[in-house]
Each structure stands twice: as C-alpha cells, then as structure tokens.
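Every read-out reported here was derived from the displayed coordinates using simple, explicitly stated rules and does not represent laboratory data. What you are looking at is a predicted structure, and each value in this text was computed from that prediction instead of being measured.
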C-alpha cells in the first residue's frame, strides 16, 4: 500500500495525544486501581514490541542489508537512551528551581515523548498508510498512563483546573509537529534511507519498551496473570490489526 498524504498523516498524529487526554480525563474523574494501570502498561509494551517485530523490522529488512539493519537498530536504541536522558535532565533541572517545577518538568518530558510519537507516525505514514495508522493506534494505550500522571501531579500541586487544561491543550499539537517532520523526511526517500529510518524506529521502540515501559508497568505490582495476559493481548491485537489492515 502506498503512503498517506500529508493531511491524512497529520490527522493520524492526533491519535497519540488522545491517549494522553483520556488519561487526563480519568485523573479528573477518579484514581484507577493499580492493577489496571499495570495491566494497561503491559498491554502497551506488547503492542510496541509487536509494532517493531511485525511491521518495522520486516519492512526495513526488505530494503536494506542486514548489517545496515543492525546498525540502524543500534542507533535507534542510542536515540532512545538520549531521549530518556534528556527528559530526566529536564525534570532534574526544573526540580532544582522551584517547588512546583517538578510537575512542569514531567509535563515537558511527556511533551517530548509526544513529539517522538508523531515523528514515527509521520515517517511510517509516508512509507505506507497502514503503517502510519498502526503506529498511531499503538501509542494511544501507551500514552494513557502519562496523561493520568501529569493531571494527577497538577492536582497534587494545587494548580487550578483552568490553568492545567490550558497547559494540556498544547499536547495535541506536538505529535502533529513531529509527524510533519517525519513525513517530510521519508515522503520521497529512497529504499536505503527508508529502511534505515524504519529500523531506527524499531530500535527506539524496543529500547523504550524494555527500559522504560516495562519497569514502569511493574511498579504497580499487577499480578502475573494480569500483566502477562495483558502483554500477550496487546501483542495479539497488533498482530491481528496488521493482518487485516494490510
């Protein structure tokens, strides 16, 4: 299938922020049980793993040699580590400046993550319409806990509802910005650059899943029958979506 047009890709890029907004709405309503949070994060980990294994790596493998594929995955992993280090630095720097700054540091870190989500959605949509859709959908569940955490932090810091909703209203624009950049990079790219970028996306996703999502998912101590089932269901859902959207 051919890639999507720019406007379609930018529309898809709104999906990652929907997860954040759903999490915000949940935090405004009530605190979910810990087992549900842990299960949702394990499902998100399963989806992200499936995206990399079923969609990104095979598409990259069709376009580039294996040694380039391995190098690109490594670069994606390094990129994921750099993003994680950068977001931690933002939180640390802001937490040293003011009492409420830790909340705003976390807010900025989630914003960086949304830009990255949009970048992958835009790049994937430029390669194939169904790939962009799968990447966007895969980020909805994964972003829900982040939106919940930010809204809960705002409430704990006694930040008024009007002010926090104004701040959170910026989020939908961030993945759109990232999608525009990703689309422009891969819209007319050759097979080598396309394969390299897709493999780098796979490395980024896999590293972020193992190093960030899974440890966070284990913190609520969801029972194994819940976490393992949620992971498998997330993987299976993406597998079925990939099969029937192709």
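Observations on the structure shown:
- Three-way shape call for region 129-245 based on the alpha-carbon gyration tensor, with the a/c threshold at 1.5: oblate
- Where the Cα pairs of region 6-245 fall when distances are cut into 10 Å bins, in %: 8, 31, 37, 18, 4, 0
- On Cα atoms only, tilt of 191-208 relative to the major axis of the chain in degrees: 30
- Comparing 205, 74, 114 in a Gaussian network model of the chain, where Cα atoms under 10 Å apart are tied by springs, the biggest mean-square fluctuation is seen for 74.
- Computed helical MRE - 222 nm, the chain, DSSP H runs ≥ 4 contributing -39500 (n - 2.57), nearest 500: -26500 deg cm²/dmol
- Each Cα pair under 8 Å and six or more residues apart adds its separation to the average, and for region 6-245 the resulting relative contact order is 46 percent.
- Relative to the longest principal axis of the Cα atoms of the chain, the long axis of helix 14-29 makes an angle of roughly 20 degrees.
- Cα long-axis angle, helix 101-127 against the chain (0 to 90 degrees, to the nearest 10): 20
- P(r) tail fraction, region 163-226 - alpha-carbon pairs more than 18 Å apart, %: 63
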